[in-house]
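The values are calculated or read from the model by the stated rules, or taken from the named source; none is laboratory data. As the structure is a computational prediction, the values presented were derived from the model and not from experiment. Using ideal geometry, Cβ is built from the backbone for each residue, glycine included, and neighbour counts are taken over all protein chains shown. Heads up: the accessible areas ignore ligands, DNA and RNA and are worked out on the full protein's heavy atoms, side chains in. Shrake-Rupley method; radii C 1.70, N 1.55, O 1.52, S 1.80 Å.
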Amino acid sequence: MHILIAPNAFKNSLSAGEVASAIETGLINSKLECTTECFPIADGGDGTGDLIVSKCAGEMMEVQVHDPLGRKIKASFGLVENGHTAIIEMANASGIRLLKPDELNPLEASSYGTGELIMAALDAGAKKIILTLGGSATVDGGMGILRALGVQFLDSQNDPLTTAETLVDLAHIEINDVDQRITDCEFVLLCDVDNPLLGEEGAVAVFGPQKGASPDEVLMLEESLARLRAVALKEHGLEMDVPHGGAAGGISAGLHAFLGASLVNGIDEFIRITAFDESIKRAGLVITGEGSLDEQTLRGKGPMGVAVRAKAVGIPVIGLAGKVPVNIPVEMKQYFQVLLPIGNGPTDIESAMKQTRENLIRVGEQIGRLLAMGRG
């Protein structure tokens, strides 16, 4: 038996590579006669860019940029396809992991540093930018990135605006000074959610609190993004209300409107870029998973993308997660033959996350022993 181990990261616990390694260790411990391939996956969330660069044997470049609060830091991006394509992970310059819990401030946090990474990639000769959006600390509708590329956001007195909070005063958007190389570059954004820009399911309402926004600040930021959308439409005929527009605090909407960026499902694009289908064809069983497998998984998350590919070629799938619903949605049963929670008895979330690796090893070993019994 050849087993393909293709998990997503268990957020705030283990990276996708660490998850795959733990499952593989469990299978080895079980003494099951099998071969394995570890193929950690990502759907546009934190870590996606690094996985793509690694799988494509790319080159990493490091430059100085500004973090979400304007402090100078070192951040990296990757070059693949002989330098033609740059892989930029937004979290490297504008990620929530760059801030301490008491520093979270989406009213002030800017995506400007990610724009600086884009400019560095253009300086390196890239003609295509693939931007992964997960893990951002910002809710600025792409304002920071666009400012770094030459777009100006002005109030009624033609004074520049620089933060999400000030977008409520937006009167004009000046695009004449945008670097010409931007026009000649192809932009592809890997989105790990399909939320819209505005509304109850939008960028602010859903993700603002995760980035530190209070209820009052959520209302303020919603007003800011609504103003940005209105001015972009009125002055330039650019529509920001598009599918996936709420990803990364509305950055996908802003870059789609002003740069013509393509917004794609993160796991589908990851699978395409990394030639994942070639590996799945060789497998007799697929093991995937992430921190939680539930109805949200059905909305284009990594394990679902893996399960869809496996189903297409008739390969069974086992899904592992820290949390699995008691009543598994019918649609999930169509793609996952088995869903297993990895926990070993009641515990608090903090303890469970610390035990993720040992739990994955234990469950991997149990899976191996069950498979060996079935073959016996």
> Can you give me the Cα centroid spacing of region 27-70 and region 109-176 in angstrom?
Replying inline: 27
> Residue-wise, which Karplus ³J(HN,Hα) couplings in Hz belong to region 314-319, taking 6.51 cos²θ - 1.76 cosθ + 1.60, θ = phi - 60°, and x for glycine or proline?
Replying inline: x, 9, x, 10, 10, x
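Among DSSP beta bridges lying fully in region 1-137, give the percent that are antiparallel, nearest 5.
Numbers: 13 of 22 bridges.
Of those bridges, close to 60 percent are antiparallel.
Rounded to a whole number, what % of the accessible area of the chain do carbon and sulfur atoms account for, probe 1.4 Å?
Details: 8000 of 16210 Å².
Carbon and sulfur atoms account for 49 percent of the accessible area of the chain.
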>> For region 234-300 and region 74-104, what is the centre-to-centre distance using only Cα atoms, to the nearest Å?
In response: 17
>> Going 7 Å from the Cα of K31 along its beta-carbon direction, which residues of region 354-372 have the amide nitrogen within less than 16 Å of the resulting point?
In response: 365-372
>> Here are labelled values, (i) 197; (ii) 124; (iii) 139, and one is the computed volume of the Cα convex hull per residue in Å³ for what I pasted. Which one?
In response: (iii)
> Put T347, T163 in order of accessible area, largest first, 1.4 Å probe: what do you get?
Replying inline: T347, T163
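DSSP beta bridges in the chain, what fraction antiparallel, as a percent rounded to 5?
On the way: 17 of 48 bridges.
Of the beta bridges lying entirely in the chain, close to 35 percent run antiparallel.
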> Which whole-number value in Å² is the accessible area per residue of the chain, probe 1.4 Å?
Replying inline: 43
>> If DNA, RNA and ligands are ignored and the probe is 1.4 Å, what is the ranking of R227, R147 by accessible area, most exposed first?
In response: R227, R147
>> How much of the DSSP bridge set in region 114-246 is antiparallel, in percent, rounded to the nearest 5?
In response: 45
>> When the expected Rg is taken as 2.2 N^0.38 Å, what fraction or multiple of it is the alpha-carbon Rg of region 316-376?
In response: 1.24
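How do the peptides 244-253, 66-75, 42-51 rank, highest first, by the average count of neighbouring beta carbon atoms within 10 Å per residue?
Details: 244-253: 31.2, 66-75: 16.8, 42-51: 26.7.
Put in order of decreasing packing, that is 244-253, 42-51, 66-75.
Going by average Cβ neighbours within 10 Å, how do the peptides 359-367, 185-193 rank, with the highest at the top? Present the calculation step by step, with values, prior to reporting the outcome.
On the way: 359-367: 21.3, 185-193: 22.9.
Final packing ranking: 185-193, 359-367.
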>> Could you compute how much accessible surface E81 exposes when probed at 1.4 Å, giving the result in Å² to the nearest 10?
In response: 120
>> Apply the Karplus curve 6.51 cos²θ - 1.76 cosθ + 1.60, θ = phi - 60°, to the phi angles in region 197-214 and return the couplings in whole Hz, x for Gly and Pro.
In response: 6, 10, x, 4, 9, x, 4, 7, 4, 8, 9, x, x, 5, 9, x, 7, 6
> When the Karplus curve 6.51 cos²θ - 1.76 cosθ + 1.60 is applied with θ = phi - 60°, which whole-Hz ³J(HN,Hα) does each residue of region 115-124 get, with x for Gly and Pro?
Replying inline: x, 5, 5, 4, 5, 5, 5, 5, 4, 7
